[in-house]
Amino acid sequence: MDREQEDMQFLGLLGIYLESYKIIFNFRRIFSKITLAFILPLSLILLTTIWVSEFHLSKINDMVYNRHGFRKGTYRYAELSASLSSEWAALWLVNFVYLTFFLVFAILSSSAVVYTVASVFTGTGRHVTFGKLMRVVPKVSKRFMVTFLCVFLAIVLYNVVLVPTILWSVTIKHVNIAGLVFFIAIVILYVVGLVYMTVVWQLAGVVSVLEDIKGIKAMNKSKNLIQGKMWIAIIIWFKLNFAVFGIQILFKSQVVHKGTFGVAGRFAFGFLCLLMLFSVLLFALIIETVIYFVCKSYHREYINKLSLSDHIDEAYVGEYIPIMAKDDQLENFDVRYSTFCFCVRDKPICGS
């Protein structure tokens, strides 16, 4: 990053995009390796799961439709019911495997990108090799994993509380104006809360990798950091998710559902979707880290680049020691004098 820390707080939407693009362009070699190792498999998992899930759901719909032609208790009805149960079991298994591999590669991708962008920030990005990255990423991923699990539990609890309320309001037979207002309000509350938690969680992942906090503490730190830049983060989140959603729709319509361009067209669209998806995912991960530095600058929490560089090197040399929250402020940087020597008329003079 060529910008001074004080200037990063003034980066808007376009500025964050341009800064992220410059990072990718200037360090394209290491990011190409990260993409091939982590982000490309993640993209393949996403698209393959869509294909396999659509295949099983199509078979399930056909079995349900065919079962309506037989009376309950007949042999054919029981046979279709057994096949239907098997298809549902296969679908749940596919989703379980998907979530497992998705979690692994998402955490590895995020940790690798955050570590690399932090190295760029300290000026040591040119010295980051893929071998060094592969040694560091498993260490920094542990804190990220703890934060992810805390966020996952929080989102599950959030859905357990609000989703039944929304479903209950839908099943009410006699809906009046007050009931309709309540339904709209609870849906808006649910969506706003879910978006807010997701935006905060994305920044918390960066905090977990670069600072000495994890889990709930990382979420609280992220919540405080994002204040003042929340709207920019939300707009970026909507744009990137809209891009991913659009790619998935294109993949479903032109590849999974055979589209209108034949076998060659399906192959071409599949490759295009894969290319766009891993490009968007890489761009999104870099943007998350840039937003972290923008928020730090906005709150006058200027990071000591030397301290950050030392922590990055410690992650490679030995046990990873993240940035301590008390040490990442510029104003708290402690300069200590070391012993020095110089010569006057060939006589050494030492001092401190």
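Details
- Selection status of Ser32, without any contact (Cβ under 8 Å) to a residue 40 or more places away in the chain and open to solvent by less than 80 Å² (accessible area, probe 1.4 Å): yes
- The set of residues in the range 99-127 that are of a type in the set (A, V, I, L, M, F, W, C) and under 17 Å from Phe293 (Cβ atoms) comprises Val113, Val114, Val117, Ala118, Val120, Phe121.
- Residue ID - farthest from Val52 (Cα to Cα), chosen from residues in the range 245-281 that are surrounded by 13 or more Cβ atoms within 10 Å (Cβ to Cβ) and polar (S, T, N, Q): Ser279
- Among the residues of the range 74-116, those identified as closer than 20 Å to Pro138 by Cβ, open to solvent by less than 50 Å² (accessible area, probe 1.4 Å) and of a type in the set (Val, Ile, Thr) are Ile107, Val113, Val114, Thr116.
- Considering residues of the range 61-73 that are closer than 30 Å to Leu46 by Cβ and either among the aliphatic types (A, V, I, L, M) or over 37 Å from the mean Cα position of the chain (by Cα) (or both) only, the residue most open to solvent (accessible area, probe 1.4 Å): Tyr65
- A search for C-beta distances below 8 Å between a residue of the range 95-118 that is within 17 Å of Leu36 (Cα to Cα) and any residue that is open to solvent by 60 Å² or more (accessible area, probe 1.4 Å), counting only pairs 6+ apart in sequence or on different chains, returns Ile107/Met145.
So that you can scan it fast, the table gives a plain yes or no per residue for (1) part of a helix (DSSP H, G or I); (2) modelled with pLDDT under 80; (3) not β-branched (Val, Ile, Thr):
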residue: Ser43; (1), (2), (3): yes, no, yes
residue: Val52; (1), (2), (3): yes, no, no
residue: Phe55; (1), (2), (3): yes, no, yes
residue: Asp62; (1), (2), (3): yes, no, yes
residue: Arg71; (1), (2), (3): no, yes, yes
residue: Tyr77; (1), (2), (3): yes, yes, yes
residue: Ser81; (1), (2), (3): yes, no, yes
residue: Ser86; (1), (2), (3): yes, no, yes
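- Test: Leu14 is open to solvent by less than 60 Å² (accessible area, probe 1.4 Å) and assigned to a helix (DSSP H, G or I): no
- Identity of the residue in the range 182-232, crowded, with 17+ Cβ neighbours inside 10 Å and among the β-branched types (Val, Ile, Thr), that ends up nearest to Ala154 (Cα to Cα): Val200
The values are calculated or read from the model by the stated rules, or taken from the named source; none is laboratory data. Note that the structure is predicted; figures quoted are calculated from it, not measured. No Cβ is skipped: glycine too gets one built from the backbone with ideal geometry, and neighbour counts run over all protein chains shown. In case anyone asks, the SASA skips ligands and DNA or RNA and just uses the protein heavy atoms, side chains included. Shrake-Rupley method; radii C 1.70, N 1.55, O 1.52, S 1.80 Å.
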